[in-house]
Amino acid sequence: MGSAHKVQLKPGPDLSALADVLKAAEQPGSGLLRELFMRDENDPDSAYILAVFESEEKARDREQDPRRAEGQQAIQELMAKMPAAAPEFTDLTVTADWVP
């Protein structure tokens, strides 16, 4: 299962700061397999975050995990400074995975 977020950023923010806060908030056994932070080459104010989970169940459990509360607060504070608009969320189903 995957989840994609598209974020319209205010000019100048560094995605690595967001990545660091998200990494620090992550809990063991959350089911998160990979998280990618990407900036649109044709629109530098647009960024995408793609999270891949073991399963939809693990992803939903992670959303409700009380161990993430403190980290979520830090994420929300940082995100309040970064986006120019509310993030767009899309739930995805991984139908194939290929790594050369």
Once you list every other residue whose beta carbon is under 11 Å from the beta carbon of D91, what net charge do they have if Lys and Arg are +1 and Asp and Glu are -1?
-> 0
Would you calculate, for the chain, the mean residue ellipticity at 222 nm contributed by helices, counting each DSSP H stretch of 4 or more residues as -39,500 (n - 2.57) and dividing by all residues, to the nearest 500?
-> -10000 deg cm²/dmol
With every protein chain kept in the model, how would you rank D43, D91 by accessible area, 1.4 Å probe, largest at the top?
-> D91, D43
What percent does the relative contact order of the chain come to when contacts are Cα pairs within less than 8 Å and at least six residues apart?
-> 47 percent
Scalar couplings 3J(HN,Hα) for the stretch 29-40 by Karplus 6.51 cos²θ - 1.76 cosθ + 1.60 (θ = phi - 60°), nearest whole Hz, x for Gly and Pro, are x, 6, x, 6, 9, 6, 9, 10, 10, 9, 10, 5
Additional length obtainable on full extension of the chain from Q76 to L50, 0.36 nm per residue less Cα span = 7.6 nm
Long-range amide H contacts for S30: which residues qualify at under 5 Å (H placed 1.01 Å from N, peptide plane, sequence gap of 5 or more or a different chain)?
-> none
Answer in debye to the nearest 20: the dipole magnitude of the chain about its Cα centre, from +1 Lys/Arg and -1 Asp/Glu charges placed on Cβ, is 180 debye
Largest-first semi-axes in Å of the equivalent ellipsoid built from the Cα gyration tensor of the chain are 22, 18, 11
Give me the distance in nm between label points sitting 7 Å out from Cα along the Cα-to-Cβ direction at K10 and R68, one decimal.
-> 2.5 nm
Enumerate lysine pairs in the chain that are 8 or more residues apart or on different chains, then count those whose Cα atoms are under 21 Å apart.
-> 5
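The values are calculated or read from the model by the stated rules, or taken from the named source; none is laboratory data. Here the structure is a predicted model, which means the values were calculated and not measured. We place every Cβ from the backbone using ideal geometry, glycine too, and count neighbours over all the protein chains shown. For accessibility, only protein heavy atoms count, side chains too; no ligands or nucleic acids. Shrake-Rupley method; radii C 1.70, N 1.55, O 1.52, S 1.80 Å.
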